[in-house]
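This report refers to the structure that appears directly beneath it.
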Amino acid sequence: MATIFPIQPAQSTGAPQANDVLHWMRPGPLQLSALPPLSLYIHLPWCLRKCPYCDFNSHEWRAASEAEIDGIPEQAYIDSLVADLDAALPLIWGRTVHTIFIGGGTPSLFSPQAIDRLLGDVRARLKLTPDCEITLEANPGTFERNRFRAYRSAGVTRLSVGVQSFNDEHLKALGRVHDRAQAIAALEEAASTFDTFNLDLMYALPGQTLEGLDADLSQALALAPPHLSVYHLTIEPNTWFAKFPPTLPEDDIAYAMLDRITERTSAAGMSRYEVSAYAREGHQCAHNFNYWQFGDYLGIGAGAHSKLSFAHRIVRQVRFREPRLYMENARAGAAVSQSDEVALADLPFEFMLNALRLKQGFTLPQFSERTGLAMTSIQRGLEEAERKGLVARDLFRVWPTERGLDFLSDLQAMFLPDEE
């Protein structure tokens, strides 16, 4: 998992000005020559069970009334999402959406009918590109045959299936609600239904050996996924594992596991295009690619984050985290709990935090276009990183070396703003 570094806001405003486009369009410190591509993120926050390693804004569902559909207040929550989107429209008016990602939580707890309604409401309000990638996260524990086909009929173009492991003992240790057989069945259905899909795995699991990882990789690659995301299990604050830490493989074993993953995916015709992502040609995740290239995204839903560019500033927003509180505020047109204008001193680090995850790195014009800053603002960090063998560059592009990808947190930290 990527290390999250603290970013200090230059200016914080509350909900009253969050969606005031004139407030954000006023003269300011930047002069952006163009706005980056725009994505839409939609957060559906409920899960059947909270995993012990998870620090995402997800909540176990406990039904409060018999009127709720399958234990989830689908229609009421979608009403809130639409109200949230309506209030935010002035901030992105006239812009085209290139990708949509429905994440969670476990979005596949929502019925295909609910997803169909949600995407219909989005299309009625936003202009989407003809080839707009629409991804839905799915849990094999919520898999039912024909359900994936119904999601495709609703407009979903890509599934991201959270398997994590094919070993039942590891799945139990991770708190997953599915087993090996359900994972395989879900992935076979995804392969037969969608032109592309993602398989999520984790490694360096409690008690996992290199041989155990090999077994997981063999099963994953036997299913011929066009895209594979493989994440190192890390102990995050405020999780069950943080309170009751499991015994994890030693660092040397974890590094050997990563080497094995890269070696075997390459042999299977997949390229490592991002620090944790491998794909066949033409199957990279366009939505995540936009994040890594410091593109814009509007996030709606409980706890969702946004990053939006304007002519003279870049703004980050966060929605209310607790689902009921979010729904109440969204219906009142005030879903945003915090809006921060990104400080000029933080922009180089924010850009590099994302772009250095990509094997291809970034172009020099792209840095200036996305941040409004001159290359001199990262020159000292680049020189240090190059001296340590963590990046390579030419007159047009900068990219992380294999060593840079292996020590990504150290590389990113070289671009932190100086402490005053």
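The values are calculated or read from the model by the stated rules, or taken from the named source; none is laboratory data. Since the structure is predicted, the reported quantities are computational estimates derived from the model, not experimental observations. Cβ coordinates were reconstructed from backbone atoms using ideal geometry, including for glycine residues, and neighbour counts include every protein chain displayed. Areas reflect the complete protein model, heavy atoms only, side chains present, ligands, DNA and RNA absent. Shrake-Rupley method; radii C 1.70, N 1.55, O 1.52, S 1.80 Å.
One table, with the values for the structure above:
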item: Any hit, the range 392-407, residues being open to solvent by 20 Å² or more (accessible area, probe 1.4 Å) and in contact (Cβ under 8 Å) with a residue 60 or more places away in the chain; result: yes
item: Long-range neighbours under 7 Å by Cβ, at least six apart or interchain, first residue more than 30 Å from Phe349 (Cβ to Cβ) within the range 314-330, second part of a loop (DSSP other than H, G, I, E, B) and at pLDDT below 95; result: Pro323/Pro45
item: Selection count, the range 65-88, where residues are surrounded by fewer than 20 Cβ atoms within 10 Å (Cβ to Cβ), at pLDDT 60 or above and among the hydroxyl-bearing types (Ser, Thr, Tyr); result: 0
item: In the range 165-179, residue farthest from Val230 (Cα to Cα) [restricted to those that are touching a strand residue (DSSP E or B) at 6+ places or on another chain (Cβ under 9 Å) and free of Cβ contacts under 8 Å to residues at least 40 places away in the same chain]; result: His178
item: Within the range 155-179, tally of residues that are open to solvent by 10 Å² or more (accessible area, probe 1.4 Å) and among the β-branched types (Val, Ile, Thr); result: 2
item: Flag for Leu358 being under 30 Å from His43 (Cβ atoms) and either under 24 Å from the mean Cα position of the chain (by Cα) or free of Cβ contacts under 8 Å to residues at least 40 places away in the same chain (or both); result: yes
item: Neighbours by Cβ (under 7 Å, 6+ apart or cross-chain): first from the range 136-157, on the phi > 0 side of the Ramachandran plot; second in a strand (DSSP E or B); result: Gly155/Ile134
item: Scope the range 365-393; condition closer than 26 Å to Ser276 by Cβ, under 26 Å from the mean Cα position of the chain (by Cα) and assigned to a loop (DSSP other than H, G, I, E, B); matching residues; result: Leu390
item: Complete set of residues in the range 311-336 that are open to solvent by 30 Å² or more (accessible area, probe 1.4 Å), among the basic types (Lys, Arg) and in contact with a strand residue (DSSP E or B) (Cβ under 6 Å, 6 or more places away or on another chain); result: Arg316
item: Subset of the range 147-180 (residues that are assigned to a loop (DSSP other than H, G, I, E, B) and either modelled with pLDDT under 95 or aromatic (Phe, Trp, Tyr) (or both)); result: Ser165, Phe166, Asn167, Leu174, Gly175, Arg176, Val177, His178, Asp179
item: All positions within the range 410-420 that are modelled with pLDDT of 95 or more and either closer than 16 Å to Glu274 by Cα or open to solvent by 70 Å² or more (accessible area, probe 1.4 Å) (or both); result: Asp410, Leu411, Gln412
item: Single unsatisfied condition, Thr265 versus (1) of a type in the set (Ser, Thr, Tyr); (2) over 17 Å from Gly162 (Cβ atoms); (3) open to solvent by 50 Å² or more (accessible area, probe 1.4 Å); result: (3)
item: Scan of the range 394-420 for residues that are within 27 Å of the chain's Cα centre (by Cα), over 21 Å from Thr262 (Cα atoms) and not in a helix (DSSP H, G or I), ordered by number; result: Arg397, Val398, Met414, Phe415, Leu416, Pro417
item: All helices (runs of 4 or more DSSP H) inside the range 206-323 with 2 or more residues being modelled with pLDDT under 95 and touching a Pro at 6+ places or on another chain (Cβ under 6 Å); result: 240-243
item: The range 180-206: number of residues that are open to solvent by 10 Å² or more (accessible area, probe 1.4 Å) and in contact (Cβ under 8 Å) with a residue 60 or more places away in the chain; result: 1
item: Filter result for the condition that a residue is modelled with pLDDT of 70 or more, open to solvent by 20 Å² or more (accessible area, probe 1.4 Å) and either of a type in the set (D, E, K, R) or on the phi > 0 side of the Ramachandran plot (or both), over Arg62, Arg49; result: Arg49
item: The lone exception for Gly104 - which of (1) farther than 15 Å from Ile300 by Cβ; (2) at pLDDT below 95 it fails; result: (1)
item: Conditions (1) assigned to a strand (DSSP E or B); (2) in contact (Cβ under 8 Å) with a residue 12 or more places away in the chain; (3) touching a Gly at 6+ places or on another chain (Cβ under 9 Å); (4) open to solvent by 10 Å² or more (accessible area, probe 1.4 Å); number of the one not met by Ser339; result: (4)
item: Any hit, the range 134-146, residues being part of a helix (DSSP H, G or I) and open to solvent by 30 Å² or more (accessible area, probe 1.4 Å); result: no
